[in-house]
Every structure is written in structure tokens, then in C-alpha cells.
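So the structure is just underneath, and the comments pick up after that.
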């Protein structure tokens, strides 16, 4: 049993198609030479046939009895052909490569602070402001690598929905689950949301801590002034980007009982949003449609880049030895068969 596991099993496994298909070949073109082995034997037979002396022999009438042992005369050629084939496989250098990537450097911590108040249902962005924000936030998450991302949502109150994490799948699921009315107390508590974001990021050891605040209205709830909250966040080293979402004026808002589109008057407190960004040494952006919102997130994605270095280690292991063993073993067997009755020494 031990002999099978240590010696015979690897030999048998090396002949399996799945094993051969799993290799990367250093010189794969040499494998085409295997197709030329039968041609080599054909040329050899043709040359021997032309040099062979011929003697006319008359046979008596009747059938010549055939013996199955006559087929054995082909055995030495088969063994020699297999030996040559394994030799070619060994020359083609079957290999397996193990790639290992080591990342070094430090990512940055980014907290998305998204407004989920009732005004996010307005339809100036398609299909509405919240769904447009969710879609672009997903794209932003997909574009990050090596950074810790978190999520804070707010309306009249603010909550940390996802902690800082590199589990991007968890974050995407959290963003996908956002919906209108998920916070019972409606309103727009921008100051409170910044306070929750600061509390989440203040213990971070990252060299760069970024807060991306997205809102479509003015501060109408909460007990913390937005500008004061922004100054507090900056004191803890947070950099704040603010995105003002939607258009000012009359915008579509759902439909009435007869299927007609309703319209409401809305306004963004752009002055406060700019002051928040300035206090956090960031930037203010205005996104009035889906394309503009996507461009804003792309710009922030370019501004805030991690310095992550990748070191690639490649370990290549050769497997030609086992096929060289087959080649030499079958070659020695062929030499042994040459000294038996199976080979016509006058032709060979």
C-alpha cells in the first residue's frame, strides 16, 4: 500500500488527461512532434521494405493458420513510440505556477453619509433621488480596493448602518437595502449625521479619513448645528465632501389618484453645504441629474486614492521528471525486447 502511494500512484496519475490539461507548458510547440512519431515508423518501414531481399515461394492450396501471437511483433515498436512520446512531453516542460500577491501600504477610511428622508422620493433624478444615489454609491464601492468603507444614513435621526469594513459585499447589501421611511422620524438632520460620522471615524488610525455627505435639502431636524458638527469633524482629522442632490424649484413628486404627476417646490441649502465642505477642507458638488451625480462620485474617486503596492511572487514547479522516467523506463524495455523473438534482427 505504501509502495502504491509513494511510487505507483504518481505514475498512474501523470497519465490522466486532467493532469496533462492542468499543466502550463514552457515549450508547447514541441508537443506537435508527437504526431510525427507514426510518420517516423512509416519511413523506417518503407526504407526496410526497399532494402529487403525477395524470394518467390509457392504455397500449397489451403488457408494459412493465423496465430494471435503474431500481433506481438508490433509490441517493440509500440513501446519505442511511447518512449519517444514521453520524451517529447518531458522536453516540452510541463509546469504549474503558483502566484501569490502580497499587498503593502495603507488604505483610507471612507464613510458614506446618505440622506433617506422623504424628499429623496422626488423624481428629478430617475427613478427617484434615493435610487439614483444608491446606484452610484454601489459603483463607488466597486471602484475601491484596500480601503475601509462604512455607511451612515439619516433623516430626522442618524444611524450607523455599516461599520468601517473591507467586506464590500456586506456594504453593497446595506446600500441595496436602503428605502424611504426606514427612519421613522422624518426630516433632514445634517448636523446629527456629521456627529455620528465623526464618532465612527475619530478612533480610526488611517492617515486619511473621508466623509462623503449626500443630501437634497436643508437642516430641519436634530440638535447639532451642521457647521459646528463640521468643525468638530475637522478637529478629528476628517475631510468632508458634500454633494447637493437634485434641482431647485418645482420638481415631480409621485402621482395623484388619477395618475397625474404631482409637483412640489424644493430648495437645497447650498450655502450651508458649501460651508460644511470648507470647514472639512473638502469640496462641494452639485448634482442635478443622474449623469452629474455619477461624475461627482468619479471625481471623488480620483481625488481619494490609496497607496497600495502589490508584490507578486511566482513559484514555478516542473513536472518533466516523471515523464522522463516513463521515457527512460520504456526505452530500457524496448532494448530488452530487441533481444527476444519479437524482433527480426535482420530488419532492425
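Only the coordinates and a few stated rules stand behind these numbers; no lab work does. Just so we're clear, the structure is a prediction, and the values are computed from it rather than from any experiment. Here the Cβ is made from the backbone with ideal geometry for all residues, glycine too, and neighbour counts use every protein chain on show.
With everything on Cα atoms, drop me the angle between helix 226-235 and the longest principal axis of the chain, reported from 0 to 90° to the nearest 10. With rounding to tens, the tilt is 50 degrees. Stretched out straight at 0.36 nm per residue, the stretch from residue 168 to residue 332 would grow longer than its current Cα-Cα span by 53.1 nm. The peptide list 298-304, 196-202, put in order of mean Cβ contacts within 10 Å with the highest first, becomes 196-202, 298-304. Placing pseudo-labels 7 Å out from each Cα toward the beta carbon at residue 301 and residue 26 gives an inter-label distance of 4.2 nm. The GNM of the chain, with springs linking C-alpha atoms under 10 angstrom apart, assigns the highest mean-square fluctuation among 226, 38, 252 to 38.
Rounded to the nearest 5, what % of DSSP beta bridges with both residues in the range 213-295 are antiparallel?
Numbers: 5 of 12 bridges.
Percent antiparallel among DSSP bridges in the range 213-295 is about 40.
Share of antiparallel DSSP beta bridges in the chain, in percent to the nearest 5? For the chain, the DSSP antiparallel bridge percentage is about 50.
Arranged from highest to lowest average of other beta-carbon atoms within 10 Å per residue, in what order do the peptides 133-139, 166-172 appear? Mind showing how you got there, number by number?
Working: 133-139: 19.9, 166-172: 15.0.
Result, highest mean first: 133-139, 166-172.
In the range 107-306, the DSSP beta bridges split such that about 30 percent are antiparallel, to the nearest 5. Here is how the number arises for the chain: DSSP H runs of 4 or more residues each give -39500 (n - 2.57), the sum is divided by the residue count, and the result at 222 nm is -11500 deg cm²/dmol.
Once the Cα atoms of helix 320-337 and of the chain are each reduced to a long axis, what angle between those two axes, in degrees from 0 to 90 to the nearest 10, is obtained? So the inclination is approximately 10 degrees. Listed from fewest to most Cβ neighbours within 10 Å, the set 327, 211 follows the order 327, 211. Remark on the chain: ratio of C-alpha radius of gyration to 2.2 N^0.38 Å is 1.88.
Ranked by the mean number of other Cβ atoms within 10 Å of their residues, highest first, the peptides 215-225, 9-19, 283-293 come out as 215-225, 283-293, 9-19. Of 120, 182, the sequence from fewest to most neighbouring Cβ atoms within 10 angstrom is 182, 120. Helix 75-91 and the long axis of the chain differ in direction by around 30°, with both axes built from C-alpha atoms.
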